[in-house]
2 protein chains.
Amino acid sequence: MKNAEPEKSLSATIADAIRTAIVDGRLLVGDRLPSEAELADQHGVSRATVREALKRLAAQSLIRTERGAFGGAFINHLSYQEARAQQVTTSTLLLGMNAISFQVACEARYALERSCTALAAERRTDALLDTMRAEIDTQSAPDLTDEAFCASDVAFHRALVDCAGNEVLSYHLAGSVEAMQPLMNMITFTARSRAEIIELHRAIVAGLEIRDVVSVDRALATLEAYTITLGQSVLKARATR
Amino acid sequence: MKNAEPEKSLSATIADAIRTAIVDGRLLVGDRLPSEAELADQHGVSRATVREALKRLAAQSLIRTERGAFGGAFINHLSYQEARAQQVTTSTLLLGMNAISFQVACEARYALERSCTALAAERRTDALLDTMRAEIDTQSAPDLTDEAFCASDVAFHRALVDCAGNEVLSYHLAGSVEAMQPLMNMITFTARSRAEIIELHRAIVAGLEIRDVVSVDRALATLEAYTITLGQSVLKARATR
DNA sequence: GGCATTTAAATGTCTGACAATTATTTTGGC
DNA sequence: GCCAAAATAATTGTCAGACATTTAAATGCC
C-alpha cells in the first residue's frame, strides 16, 4: 500500500490542527490563542513556522491578530460580509478556471435564484422594491457602459434575493449571482437587449408587488433563456472572428 | 476626514496584490511566480514576509508550491473539490458563529435544494438513483448512530442535487447541504422519526424515477417541515432542562 | 484623584544560516 | 557513444536571534 500522504509542511499541519479545533467548537469566538512564542514551544517549531500557520488561518478569516500587550490571535467572528466575500472569490475563480460553459453557469445561477421567489413574494418590503426600481432607472440611462449595466443588474438581483428575508439564503445566492459577473461582462448589451432585460426586470417587480409567484418565476425563466441566447451569440461571434 | 485604513501588514498587502493579479487574469493557471527571494527584492521586504504572503494565498488554494530546482509557487487550478471544501468550511462556520436559528438555516437549505428538482427529474440517472437507494438502506439499519444517520442523509441529498447534472449547481448546493450537518447532528433521531424521514426519501426516489417533479417537491416540503419540527423540539427540550 | 511616564507583552519585520528537495548537468566507466 | 552515478544549482522549508512597533497595564508624581 502506497503512502498517499502529500507530506504536508509543518506550518500547514499546525494550521490544520487549529482550524479543526475551531470548526469542532473546541475554540470559541473571542478566545485567544496562545502567543506565537508559546505555540512555537508547544509544537516544537520556530516562531516563523507558527506565524506562517497563523497567516493561513487569517486568510480564511478564522482568526484576527491584534498587536500590543494582551494582543494576540483571536478566534474571529465570521460576519456575513466576510463569508460572502470569500465565497464570491472562490466561486469566481472556479467559474473562470474550469472552462465552464456559459449555459451551465447560467442554468445554475437562475435555478438557484428561482429558489427564493416564493419567499420573496411573501415577504418583499416596499423598501426593497424601491431599491429594485432605482436600479431599473439606472439601467435605463442610455449612455451607461456595459460594466455599469452589469453592476446594476447584480444589485437588482441581490435586492431580489434579499426580499426572501432569509440572510442565509442571501449569503448563498449572493455568491452565485456575483460570481457570474465576469462572465456577464463579456456580453455586449445593445440598446435592444437592454430594453428587453429592463422589461423583464419591471415584470419581476410588478409580480413581487402583487405577490404573484408565478409571474415572477415566468419572468425569471424568460430572463434566463434570453441571457443564454445573448451569451451564445457572443461566443459564436468570437469563434468566427 | 479620518483615514479609515486598518493599517494592513506588509504580508497582507503583498498577498492582496498577487490575489488581485490572479482574479483579474493577469496571472494564469500554471504560471510560476518569481522565487521568494526575487519577490522579496521586488517588494523590498524580507523573505519571511513574502513567505507569509504566499501562505495566505496557499490557504485559499490560489497557489501551490513545489520544492526543488525550478520549483516555486504556481497559480493553482481550482478544482471543484477544493472549491467545495472551502465553501463548506466557510458556510459551516457562518452557521455556527452567528446564532442562526435552526428554522432560518433549514428554510434556506430546502429552498436551495428545491431549485434542483426540475433539472433532477429531467436528467436523473439510474446510477444516482441506485446511490440514493443504497443510502436509504444504510439509514434503515436499526443500530445506526445519529452521526452515521446524518452522514448518510447528507450523502443522499448530495446524490439528489447531482441528479441535476450541473456541476456548478452541485458545487453551490453541496455547500448549503453539508454546512447544515453540525446543526443536524444536534438532533436525536428516534426510530419513529427515522422511519418518517426514510419514507420521504423513498418518495423522493420514486418521484425522480417517474420524473414527477411535483411529488418530489411535495416530499421535500414535507421533509423541511418535519425537520424544522424536530429541531424545535430539541431546542425546547434543551431550554427546559 | 488625575495625568504623564515607564514597563512589559505581544505582533511585525529583518537577517543570516542551514536542511531538504529536485531538475539539470557533469562525470566516469565501459 | 551510451548509460548510470555523482555533483551542481535553484528553490522551498525551517530555525535562531535580533530589533521595531504597538498597546494595555502599572507606576509615580502632583
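The values are calculated or read from the model by the stated rules, or taken from the named source; none is laboratory data. Just so you know, these numbers come straight off a predicted model, no measurement behind them. Cβ atoms come from the backbone with ideal geometry, glycine included; neighbour counts cover every protein chain shown.
Counting residues that are among the charged types (D, E, K, R), which helices (runs of 4 or more DSSP H) fully inside the stretch A:69-173 reach at least 3?
Working: elements: A:80-97, A:102-114, A:117-123, A:126-140, A:146-162.
Once the helices (runs of 4 or more DSSP H) in the stretch A:69-173 are filtered for at least 3 residues that are among the charged types (D, E, K, R), what remains is A:102-114, A:126-140, A:146-162.
Looking at A:ARG194, A:ARG218, which is the one that is within 21 Å of A:ALA121 (Cβ to Cβ) and surrounded by 15 or more Cβ atoms within 10 Å (Cβ to Cβ)? Lay out the reasoning, then the answer.
Working: A:ARG194 fails: within 21 Å of A:ALA121 (Cβ to Cβ).
Only one candidate qualifies: A:ARG218.
If you check A:ALA99, A:ALA127, which single one turns out to be at negative phi and more than 13 Å from DNA strand D (Cβ to nearest atom)?
Numbers: A:ALA99 fails: at negative phi.
After applying the criteria, what remains is A:ALA127.
Considering every residue within the stretch B:119-131, establish whether at least one is touching a Phe, Trp or Tyr at 6+ places or on another chain (Cβ under 9 Å) and within 20 Å of B:ASN185 (Cα to Cα).
As a first pass, look at the stretch B:119-131 and keep what is touching a Phe, Trp or Tyr at 6+ places or on another chain (Cβ under 9 Å): B:131.
Among the residues that remain, those that are also within 20 Å of B:ASN185 (Cα to Cα) are: none.
So far as the stretch B:119-131 goes, no, none of its residues is touching a Phe, Trp or Tyr at 6+ places or on another chain (Cβ under 9 Å) and within 20 Å of B:ASN185 (Cα to Cα).
So which residues in the stretch B:11-46 are surrounded by 12 or more Cβ atoms within 10 Å (Cβ to Cβ), among the charged types (D, E, K, R) and free of Cβ contacts under 8 Å to residues at least 12 places away in the same chain, if there are any at all?
Passing the criteria: B:ASP16, B:GLU38, B:ASP41.
Confirm whether B:ALA99 is of a type in the set (Gly, Ala, Ser) and farther than 21 Å from B:TYR171 by Cα. Show your work before the answer.
Values: of a type in the set (Gly, Ala, Ser): yes; farther than 21 Å from B:TYR171 by Cα: yes.
It is true that B:ALA99 is of a type in the set (Gly, Ala, Ser) and farther than 21 Å from B:TYR171 by Cα.
Among the residues of the stretch B:115-122, is any crowded, with 22+ Cβ neighbours inside 10 Å, polar (S, T, N, Q) and free of Cβ contacts under 8 Å to residues at least 60 places away in the same chain?
Filtering the stretch B:115-122 down to residues crowded, with 22+ Cβ neighbours inside 10 Å leaves B:115-117, B:120.
From the residues that got through so far, the ones that are polar (S, T, N, Q) too are B:115, B:117.
Okay, now just the ones that are also free of Cβ contacts under 8 Å to residues at least 60 places away in the same chain, so B:115.
Yes, the stretch B:115-122 has at least one match.
Can you name the residue in the stretch B:160-186 that is buried (at least 22 other Cβ atoms within 10 Å of the Cβ) and more than 14 Å from the chain's Cα centre (by Cα) and is also nearest to B:VAL234 (Cα to Cα) among such residues?
Result: B:MET184.
Can you tell me which of A:LEU128, A:LEU112 is farther than 20 Å from B:THR90 by Cβ and more than 12 Å from the chain's Cα centre (by Cα)?
Values: A:LEU112 fails: farther than 20 Å from B:THR90 by Cβ.
Matching residue, one of A:LEU128, A:LEU112: A:LEU128.
Output the number of residues of the stretch B:40-68 satisfying the condition of being not in a helix (DSSP H, G or I) and not hydrophobic (A, V, I, L, M, F, W, C). First the steps, then the outcome.
We begin by selecting, within the stretch B:40-68, every residue not in a helix (DSSP H, G or I); these are B:44-46, B:60-68.
Filter once more, so that each one left must be not hydrophobic (A, V, I, L, M, F, W, C): B:44, B:46, B:60-61, B:64-68.
Adding up the residues that qualify gives 9.
Of all residues in the stretch B:53-99, which are touching a residue at least 24 places away in the same chain (Cβ under 8 Å), more than 14 Å from DNA strand C (Cβ to nearest atom) and surrounded by fewer than 18 Cβ atoms within 10 Å (Cβ to Cβ)?
B:HIS77, B:TYR80
Pull up the stretch B:100-114, narrow it to residues that are more than 7 Å from chain A (Cβ to nearest Cβ) and in contact (Cβ under 8 Å) with a residue 24 or more places away in the chain, then point me to the one that is surrounded by the most Cβ atoms within 10 Å (Cβ to Cβ). Give the steps one after another, and end with the answer.
Going through the stretch B:100-114, the residues more than 7 Å from chain A (Cβ to nearest Cβ) turn out to be B:101-103, B:106, B:109-110, B:113.
From what's left, in contact (Cβ under 8 Å) with a residue 24 or more places away in the chain: B:102-103, B:106, B:109-110, B:113.
Details: B:PHE102: 20, B:GLN103: 16, B:CYS106: 23, B:ARG109: 25, B:TYR110: 22, B:GLU113: 20.
Among residues in the stretch B:100-114 that are more than 7 Å from chain A (Cβ to nearest Cβ) and in contact (Cβ under 8 Å) with a residue 24 or more places away in the chain, the one surrounded by the most Cβ atoms within 10 Å (Cβ to Cβ) is B:ARG109.
Condition check ((1) under 17 Å from A:THR65 (Cα atoms); (2) more than 10 Å from DNA strand C (Cβ to nearest atom); (3) more than 9 Å from chain A (Cβ to nearest Cβ); (4) of a type in the set (D, E, K, R)) across all residues:
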{"site": "B:LYS8", "(1), (2), (3), (4)": "yes, no, yes, yes"}
{"site": "B:THR13", "(1), (2), (3), (4)": "yes, no, yes, no"}
{"site": "B:THR20", "(1), (2), (3), (4)": "no, yes, yes, no"}
{"site": "B:LEU27", "(1), (2), (3), (4)": "no, yes, yes, no"}
{"site": "B:GLU36", "(1), (2), (3), (4)": "no, no, yes, yes"}
{"site": "B:ARG47", "(1), (2), (3), (4)": "no, no, yes, yes"}
{"site": "B:VAL50", "(1), (2), (3), (4)": "no, no, yes, no"}
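All but one of (1) within 16 Å of the chain's Cα centre (by Cα); (2) under 24 Å from A:ILE22 (Cα atoms) hold for B:ALA148; state the number of the condition that does not hold.
In the conditions (1) within 16 Å of the chain's Cα centre (by Cα); (2) under 24 Å from A:ILE22 (Cα atoms), B:ALA148 misses (1) alone.
Look at A:SER233 and say whether it is of a type in the set (Ser, Thr, Tyr) and farther than 22 Å from A:THR89 by Cβ. Before you say what the answer is, go through the steps one by one.
Working: of a type in the set (Ser, Thr, Tyr): yes; farther than 22 Å from A:THR89 by Cβ: yes.
When the stated conditions are applied, A:SER233 passes them.
Can you confirm whether B:VAL177 is part of a helix (DSSP H, G or I), hydrophobic (A, V, I, L, M, F, W, C) and free of Cβ contacts under 8 Å to residues at least 40 places away in the same chain?
Details: part of a helix (DSSP H, G or I): yes; hydrophobic (A, V, I, L, M, F, W, C): yes; free of Cβ contacts under 8 Å to residues at least 40 places away in the same chain: no.
In short, no.
Looking for whichever is over 26 Å from A:PRO142 (Cβ atoms), within 26 Å of the chain's Cα centre (by Cα) and in the same structural domain as A:PRO142 (by TED's automatic domain parsing) here; the options are A:VAL234, A:VAL205, A:VAL213. Which one fits?
Numbers: A:VAL234 fails: over 26 Å from A:PRO142 (Cβ atoms); A:VAL205 fails: over 26 Å from A:PRO142 (Cβ atoms).
Sole residue among the options that is over 26 Å from A:PRO142 (Cβ atoms), within 26 Å of the chain's Cα centre (by Cα) and in the same structural domain as A:PRO142 (by TED's automatic domain parsing): A:VAL213.
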